[in-house]
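Everything on this sheet refers to the single structure shown next.
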Amino acid sequence: MLAHLLLEPGKISYEEVETPVPGPGEVVVRVSTALTCGTDLKAFLRGHPKMPMPTLFGHEFAGDVAFAGKGVRSFREGDAVMAVPTAPCKTCYYCKREQENLCTTIMDNMVLGAYAEYVKLPAAVVETNMFPKAASLDYAEAALLEPLSCVVHAIDRLQVRPDDTVLIIGAGAISLLHLLVLKSAGVHDVIVLGRRQYRAQMAEDLGAKVILASEPDQAQAEIIEATQGRGADVVIECTGQPSVWERAIHYARRGGTVVLFGGCPSGTRVSFDTARLHYDQITLMSPFHFTPRDVRKAQTLLSEGSIDGRSLITGTYSFPELHRVLNLLQRGQGIKYALVPQSA
Ligand SMILES: [Zn+2]
Ligand SMILES: [Zn+2]
């Protein structure tokens, strides 16, 4: 089969590799659509600790079961499916406490290789985190299951109220997914703090009030003004920059919650104003990954049409054009791109 390999930062190659063969319980999916993700872009630009190179890459996908391994009962060859690239072990300390997102082996067998004609899913994924794709969903929307599961995990822990004002920092794909989930949960006032006109426009089209500010003091003044002088009930940081994490606590109201969603580069540190945290009782949350419950909920949101993710997909390109698409993303153009096999 043809697959993209990430050879070293900045260098990918689309080449012939061996088509995967499913072992017991495993499934090989013929990829119909793979989506770009911020993680892929980061890995492409500067490498990734969990992806020693050369490596297959891409982890957001949907497709059809091409080969089912021995013992697979729930799926048959030809079934249209959607899945996330990881599954918990179900036996470790964290799994037994329903914190499967923290499972000690959650990242060990992560599926990589969605930018390829076929991708192999381990038995644990097939058993726990793979679903039939509803006919109403196109493959690109179905491929949003993984990022949406991360967002559902964060928002479910928040227990947001419909009358909350929620500020989302950043206007990329993950921010817009937060916006869609909050809207589907009936939250009326969502503010998106962005820097780029194109993405901000997108947020506005999806129902957010937008604050465009490149300078933190100006942003803070506008947020305070937009929230009757209080600050937001909930702040969700989606940029993954330490300086923005530090700033985020100043955008929340007294008693507010700040969700530090965007992962920062490893080795970085932040410092917070202790008086602000303590005397204004700011709650910090730092959600990571997702549990099988989050995946099921995300799957339901997509399948029932509560989330319309199509607007997040800026364009569709064929697999050989991946390099070009990564360059577009590097320049900040577009939100997410769909990659499809050449014949499609
Ligand atoms: Zn992703
Ligand atoms: Zn576990």
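Where a number appears in this text, it was derived from the coordinates with a stated rule and is not lab data. Computed from a prediction, not measured in an experiment: that's the story for all the values here. Cβ coordinates were reconstructed from backbone atoms using ideal geometry, including for glycine residues, and neighbour counts include every protein chain displayed.
If neighbour count is taken as other Cβ atoms inside 10 Å, put 37, 238, 89 in order from fewest to most. Spell out each step's value before the answer.
Details: 37 22, 238 25, 89 15.
Result, fewest neighbours first: 89, 37, 238.
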Considering amide H positions built from the backbone, and no H for Pro or chain starts, which residues 5 or more places from residue 195, or on another chain, come under 5 Å of its amide H?
171
Give the long-range amide H neighbours of residue 240: residues separated by 5 or more places, or on another chain, with amide H under 5 Å away, using H modelled in the peptide plane at 1.01 Å from N.
262
P(r) for region 18-107: what percent of alpha-carbon pairs falls in each 10 Å bin, starting at zero?
15, 34, 39, 12, 0
Per-residue ³J(HN,Hα) for region 174-187, Karplus 6.51 cos²θ - 1.76 cosθ + 1.60, θ = phi - 60°, Hz, x for Gly and Pro:
5, 4, 5, 5, 4, 4, 4, 5, 4, 5, 5, 8, x, 6
Sorted by chain and then number, the residues having a modelled amide H within less than 5 Å of the amide H of residue 232, at least 5 places away or on another chain, are 252, 253
Please tell me which of these pairs span more than 31 angstrom C-alpha to C-alpha: 11/90; 50/90; 42/209; 11/120; 120/209; 11/209?
11/90; 120/209; 11/209
Along each principal axis of its Cα atoms, how long is the chain end to end? Whole angstroms, biggest number first, please.
60, 43, 40
Which ³J(HN,Hα) values, rounded to whole Hz and listed in residue order, are derived for region 250-258 from phi using the Karplus coefficients 6.51, -1.76 and 1.60 in 6.51 cos²θ - 1.76 cosθ + 1.60 with θ = phi - 60°, glycine and proline given as x?
8, 9, 8, 7, 4, x, x, 10, 10
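Fewest to most neighbouring Cβ within 10 Å: what's the order for 50, 336? Write out the running numbers ahead of the final one.
Working: 50 11, 336 26.
With the fewest neighbours first, 50, 336 line up as 50, 336.
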Rounded, prolate or oblate: pick one for region 258-344, where a ≥ b ≥ c are the square roots of the eigenvalues of its C-alpha gyration tensor, a/c under 1.5 means rounded, and failing that, prolate if a/b is larger than b/c, else oblate.
oblate
Selection from 256, 245, 92, by position along the positive dipole direction of the chain (Cβ)
92
Could you derive backbone 3J(HN,Hα) for region 158-167 from the dihedral phi with the Karplus parameters 6.51, -1.76 and 1.60 (θ = phi - 60°), listing whole Hz in sequence and x where the residue is Gly or Pro?
6, 6, 6, 9, x, 8, 6, 9, 10, 9
May I ask you to sort 270, 72 by Cβ crowding, counting other Cβ atoms within 10 Å and putting the fewest first?
270, 72
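Cα-Cα pairs above 22 Å in region 170-325: how many percent?
Numbers: 5711 of 12090 pairs.
Everything past 22 Å amounts to 47 percent.
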Across the Cα atoms of region 54-173, what radius of gyration and what greatest pairwise Cα-Cα distance (Dmax) are found, in Å?
16.2, 51
